[in-house]
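What follows is one structure encoded as structure tokens, with my remarks underneath.
The values are calculated or read from the model by the stated rules, or taken from the named source; none is laboratory data. Model, not experiment: these values are computed from the prediction. Counting neighbours? That spans all protein chains shown, and the Cβs are built from the backbone with ideal geometry, glycine included. Just the protein is used for accessible areas: all its heavy atoms, side chains included, with ligands, DNA and RNA removed. Shrake-Rupley method; radii C 1.70, N 1.55, O 1.52, S 1.80 Å.
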Amino acid sequence: MSSAKPVVLTGDRTTGPLHLGHYVGSLRARVALQHTTQQFLLLADTQAMTDNVGRHRKVTDNVIEVALDYLAAGIDPGLSTIFIQSQVPELAELTQYLLNLVTVSRLERNPTIKDEIRLRGFERDIPAGFLTYPVSQAGDITAFKATLVPVGDDQLPMIEQTNELVRKFNSAVERQVLVECEAVLSPVTRLPGIDGKAKMSKSLNNAIPLGASADEIKKAVNRMYTDPQHLRVDDPGQVEGNVVFAFLDAFDTEPATLEELKAHYRRGGLADSVLKRRLNDHLQALLEPIRQRRQQFSMDRGEVLNILRQGTERARQVSGQTMSEVKAALGLNYFG
Ligand code: TRP
């Protein structure tokens, strides 16, 4: 690994296995980026704890599930460093200093946090650790001096907040210690749920997991909404808001053919079943090798733990270096 390559830091909360929404939003980009960048992939168990008090087993059990998803999707531990957030104390340490550079009201204005507070019904009883998790996320990113962060579009406010903290820190210590970053967004940023809801999510029960069986994939495709006005094959159909087309946009490998299909559907004469068969074929072709690799890795958990142990050691080295610089910049190097 050459240090001249741009540094990527990204990751996922370990509250459940990953699904196609994660794949399209960021995982697909990460698999491509690992060849041209130095990539760190974080299993965000500490962050998952912020709204799973008393459910820590769910969080810890899913560390291995998300790691399996990464490996199955084609993350190569020889190219990318996969590590466990909670096992890198340097991240918590950096977060502690960054927390002094942000106000509570700024955190309350973070749109992602606002959405999540509403979703979880916290109202005024927000755990402080939850409200401040964007700062911890900024710690994750800046500890590696990452310049690129492949994430779904719901995470853009986190990047903005990170860069605010970087500027504040550097200006406070009058040195360029931390580095600003930018999001890497995929062309298809958000996949709808199979029920047509705006976002695919495990908790909304509208997701296709990366490890889905052939049968589960087929059933999910059959459940998808198309255009409710498209009653007979000959009727003109609507492409916008049509879940099957949203999925074809994300997964069809022949864009020219897809455009012809859209035109045909709009004119009328193209059956939903033809589209669903096409989508099913694409999803089966994508997910079959992923499912097989997932099964292989899941039979060798010892090896997966080895990969995570080595990745975590390396993550500690890199973030430890940044922490020395941060502490020196703050004058916290009493012993030299
Ligand atoms: N917030 C991300 C999620 O909800 C997980 C995460 C934690 C993350 N730290 C990060 C993503 C740093 C990108 C960069 O899944």
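Just so you know, in the range 32-82 the residues that are in a helix (DSSP H, G or I) and acidic (Asp, Glu) include one that is most open to solvent (accessible area, probe 1.4 Å), and it is ASP61.
The residue of the range 6-31 that is farthest from LYS145 (Cα to Cα), among those that are outside any helix (DSSP H, G or I) and among the charged types (D, E, K, R), is ARG13. Of note, PHE130 satisfies the criterion of being among the aromatic types (Phe, Trp, Tyr) and open to solvent by less than 30 Å² (accessible area, probe 1.4 Å). Would you check which residues across the range 180-211 are among the polar types (S, T, N, Q) and open to solvent by 10 Å² or more (accessible area, probe 1.4 Å) and list them? Listed by number, the residues that qualify are SER186, THR189, SER201, SER203, ASN205. Only a single criterion out of (1) modelled with pLDDT under 95; (2) closer than 22 Å to HIS22 by Cα; (3) open to solvent by 80 Å² or more (accessible area, probe 1.4 Å) is not satisfied by LYS219, namely (1).
Condition check ((1) hydroxyl-bearing (Ser, Thr, Tyr); (2) within 25 Å of GLU65 (Cα to Cα)) across all residues:
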residue: ASP249; (1), (2): no, no
residue: ASP252; (1), (2): no, no
residue: ALA263; (1), (2): no, no
residue: GLN284; (1), (2): no, yes
residue: ARG293; (1), (2): no, yes
residue: SER319; (1), (2): yes, yes
residue: LEU332; (1), (2): no, no
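Residue under question is ARG175, and the condition is that it be farther than 26 Å from LEU20 by Cα and in a helix (DSSP H, G or I); does it hold? No. Out of the range 270-305, which residues are under 22 Å from VAL233 (Cα atoms) and either open to solvent by 30 Å² or more (accessible area, probe 1.4 Å) or basic (Lys, Arg) (or both)? Selection gives ASP272, SER273, VAL274, LYS276, ARG277, ARG278, ASP281. Residues in the range 94-118 that are buried (at least 17 other Cβ atoms within 10 Å of the Cβ) and under 22 Å from ALA329 (Cβ atoms): LEU94, THR95, TYR97, LEU98, LEU101, VAL102.
Taking the range 156-179, which residues are open to solvent by 30 Å² or more (accessible area, probe 1.4 Å) and within 15 Å of the ligand (Cβ to nearest atom)? LEU156, GLU160, VAL179 - these are the residues of the range 156-179 that are open to solvent by 30 Å² or more (accessible area, probe 1.4 Å) and within 15 Å of the ligand (Cβ to nearest atom). Residues in the range 306-336 that are of a type in the set (Ser, Thr, Tyr) and touching a residue at least 40 places away in the same chain (Cβ under 8 Å) were compared, and the one that is surrounded by the most Cβ atoms within 10 Å (Cβ to Cβ) is SER319. Between LEU283, LEU270, the distinction of being in contact with a Leu (Cβ under 7 Å, 6 or more places away or on another chain) and within 20 Å of ALA246 (Cβ to Cβ) belongs to LEU270 only. Entry remark, the range 102-155: residues being more than 8 Å from the ligand (Cβ to nearest atom), acidic (Asp, Glu) and modelled with pLDDT of 95 or more number 0 in total.
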